[in-house]
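Shown next, in structure tokens, is the structure this report addresses.
What follows is calculated from the coordinates using simple rules that are stated; it is not laboratory data. It should be emphasised that the depicted structure is a prediction, and the values quoted were computed from it without experimental measurement. In this analysis, Cβ positions are derived from the backbone assuming ideal geometry, glycine residues included, and neighbour counts consider all displayed protein chains.
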Amino acid sequence: MGNISDYVQPAHPLLIVLSGPSGVGKDSVIDELKRRNISFHFVVTATTRSKRPGEEHGVHYWFHSLEEFEKLLQMGELLENATVYGNSYGVPKEDVRQALKQGEDAIMRIDVQGAAHIKRIVPDALFIFLAPPSFETILTRLGNRKTESPEDLQRRIDTYHHEMKTIGTFDYVVINQDEALASTVDQILAIITAEKLRVQPRTVTL
């Protein structure tokens, strides 16, 4: 007796939920984590929306028809599902379960609506809100996408204001400053490191 393991529970694999308003840079953060070869299981979201230029099936999203998506939903194979801007999104439950079973931290990027649903059923997940430095920044980022109609763009702006009001429901907030992606990712990794050192570790059960 006397070893630290006699007094502190070992850290469990984490389910990390990275969320924030559209255009804040969630995909860029995930891409940077992958570039650094960080040992995470990157959860891929299923969706019914059409592929954007450069996106790949099974890499950026699992792209499904509405019929395929409904079948997954009916089988109870989605951790969460939501309709955003007329498209359906969902997190494959088995994907997350297998990662945690193998001792891997699972990380997903998801919209704020989906994060709220996951928090209700998996409260011990780690919730990180990625925020822009200002409204002007998010407006510029959305405008530069050139993938939405003016009506869709206005709807995203309206949604942004609602989503920013949910910050208080998250565990941490990280501001994604312009031209400072490396610093943003460093902060997220610091949060995860701190969580691994908790005396009472999070335990995710699916």
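Points to keep in mind about this one:
- Sorted largest first, extent of the range 16-64 alpha carbons per principal axis (Å): 28, 22, 20
- Kyte-Doolittle mean at least 1.6, axial Cα span of 18 Å or more - DSSP H helices of the chain: none
- The Cβ shell under 14 Å around residue 113 holds other residues with a net charge of +3, Lys and Arg each +1, Asp and Glu each -1.
- Spin-label model, residue 161 to residue 51: label points 7 Å out along the Cα-to-beta-carbon direction sit 3.7 nm apart.
- Rounded to the nearest whole angstrom, the semi-axes of the ellipsoid equivalent to the chain, taken from the Cα gyration tensor as √(5λ), stand at 29, 22, 15, largest first.
- Rg then Dmax, both in Å and based on the Cα atoms of the range 1-98: 17.2, 59.
- Label point 7 Å beyond Cα of residue 203 along Cβ direction - residues of the range 6-22 with amide nitrogen under 17 Å: 6-15
- Shown is the FRET efficiency for residue 196 and residue 121, computed with R0 = 25 Å from the Cβ-Cβ distance and rounded to the nearest 0.05: 0.60.
- The rule of thumb for compact globular proteins, 2.2 N^0.38 Å, goes into the C-alpha radius of gyration of the range 123-206 1.34 times.
- Length gained when the stretch residue 98-residue 66 is fully extended (0.36 nm per residue, less Cα-Cα span): 9.0 nm
- Under 27 Å, Cα to Cα: Lys pairs in the chain, sequence gap 8 or more or different chains: 28
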